[in-house]
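Every read-out reported here was derived from the displayed coordinates using simple, explicitly stated rules and does not represent laboratory data. Values in this document were obtained by computation on a predicted structure and should not be read as measured data. Cβ placement follows ideal geometry from the backbone for every residue including glycine, while neighbour counts extend to all protein chains displayed.
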Amino acid sequence: MLVRCDWMGETPERYEQAMRAQRDAFLAASDWTQTFDAPLTDEQRAAWAQYRQALRDFPATWTAGSTAEFPDPPGVS
């Protein structure tokens, strides 16, 4: 999922700030998938857990710039 983050400015620090804020929003939006009563199969829960881990790992693989190519959530192509 491509996200533009150039609205924050043009320094690497600003890009990183914007990317982390977006990543944190994606994580927060998927918190429900890891609760014990989420209406998901074990396979779906595992796919969401893998997606969430990819989001947490994302900053280490991202090169600061005006766009960030985040992983797609499960079921989205």
Charged-residue dipole, Cβ positions (Lys, Arg, Asp, Glu), the range 2-67 about Cα centre, Debye nearest 20: 80
Treating each Cα of the chain as an identical point scatterer and ignoring solvent, apply the Debye formula and state log10 I(q)/I(0) at q = 0.20, 0.25 Å⁻¹. -0.83, -1.13
Helix-only mean residue ellipticity at 222 nm, the chain, DSSP H runs n ≥ 4 weighted -39,500 (n - 2.57), per residue, nearest 500. What is it? -17000 deg cm²/dmol
